[in-house]
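Structure, as C-alpha cells:
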Amino acid sequence: RPNRKALPDALASVRESSLVISKGGHVFVDRKSFKSLLSLWVTAFPIIFAQRLGIPTMTSPTSVGPFANRMSILLNGAILRRMTYVVTRDPLSTMQARLLGVTRERLVEMPDIVLGVVPPSSEQVDKACNNHDLPRGRFLAMSVRLPKESEPRARLSAAMVETAQECLRTRGFDRILLLDQAGDWGDAREVSRLLNDPSVLIL
C-alpha cells in the first residue's frame, strides 16, 4: 500500500522520487502464460506503484508488442496507458502502443541511441581485432538472444539468418560477428549453424 510507513527500500525510494523511469528491454510484449503475465506485473510493479502515488513515469522499452493474447493486451495496456511518456524506438512499436490506447501526447518515437554512436577509429578497430584475434575486414555485428519458446525462437533465428545473408550479399560486409547476449554462446551457435557460412564468427 502506498501509505504504509514501512516499505521495502526500493519502493521507499520510488515514493520519494519526482520521476520514475522503467528499465528497457523485452518487457511490454505478448505473454501467453499466467507465469509470463505475472513476470510482467513483478517487473513493472515499481512503475505501477509510482502511478498509484501520482508520480510521473516513463518507459523506453526495446519494443512494444505485437500482441495476440487478450490478457496480455489488457495488462500491457493498463500499464502503458497510465505512463506519463512512452518512448518507442520504431514505427511498429508506436502503432502497437496506439492500439493499446496510449494517447499521442504521451507517445514519443525516438530511434535507438545506438544509431547516434560515433563509429570507432581505425586504431580502435585494429586494437579490438588484436584483442580478440579477429581477421581484418568489414564486420556486421549482430547481438543474439533467442526466445525460449520454440515458435518465436524459430521465427527470430530465421529473420537473423535472412538479414545476415542479405548483408553479406549486397552490403559489402566481409564477415558476420555474432555476439551472444545470454553468455553461454548457445544462441549464437544456433544462428551460426543455420547460416553455415565460414565468414560467420562468434564472439
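The values are calculated or read from the model by the stated rules, or taken from the named source; none is laboratory data. The structure displayed is predicted, hence computed values, not measured ones. Quick reminder, even Gly has a Cβ in these numbers, built from the backbone with ideal geometry, and neighbours come from all protein chains shown. The protein model used for the area step is the full one, side chains on, heavy atoms only, and it has no ligands, DNA or RNA in it. Shrake-Rupley method; radii C 1.70, N 1.55, O 1.52, S 1.80 Å.
Here's the picture: a label point sits 7 Å out from the Cα of residue 155 along the beta-carbon direction, and within the range 14-48 the residues with their amide nitrogen under 13 Å of it are 29-32.
What do you reckon, how do 157, 122 stack up by accessible area (1.4 Å probe), largest on top?
122, 157
Return the FRET efficiency for the residue pair residue 103, residue 26: r is the Cβ-Cβ distance, R0 is 22 Å, and the value is rounded to the nearest 0.05.
Efficiency, from the Cβ-Cβ distance: 0.35.
Using C-alpha pairs below 8 Å separated by at least 6 residues, the relative contact order for the chain is 14 percent.
Placing +1 on each Lys and Arg Cβ and -1 on each Asp and Glu Cβ, with no other charges, gives the range 83-127 a dipole about its Cα centre of roughly 280 debye.
Spatially, the range 78-97 and the range 1-58 are offset by 16 Å when compared through their Cα centroids.
Remark: the range 51-203 carries a charge dipole of roughly 660 debye about the Cα centre, counting +1 on each Lys and Arg Cβ and -1 on each Asp and Glu Cβ.
Rolling a 1.4 Å probe over the protein chains gives residue 110 an accessible area of about 90 Å².
The charge dipole of the range 153-203, taken about its Cα centre with unit charges on the Cβ of Lys, Arg, Asp and Glu (plus for the first two, minus for the last two), comes to roughly 120 debye. Sorting 30-37, 51-58 by their mean Cβ neighbour count within 10 Å, with the most densely packed peptide first, gives 51-58, 30-37. Computed from Cα atoms, the angle from the helix 150-170 axis to the main principal axis of the chain rounds to 40 degrees. Just going by the charge dipole of the range 1-152, with Lys and Arg at +1 and Asp and Glu at -1 on Cβ, which of 147, 13, 92 is farthest out on the positive end? The residue sitting farthest along the positive end of the dipole is 13. Quick note on the chain: its Rg to Rh ratio, both from C-alpha atoms and Rh being the Kirkwood radius, is 1.04.
Here the accessible area of the chain is 56 percent carbon and sulfur, with a 1.4 angstrom probe and all protein chains present. With the simple spin-label model, which puts each label point 7 Å out from Cα in the Cβ direction, the residue 127 to residue 92 separation comes to 3.7 nm.
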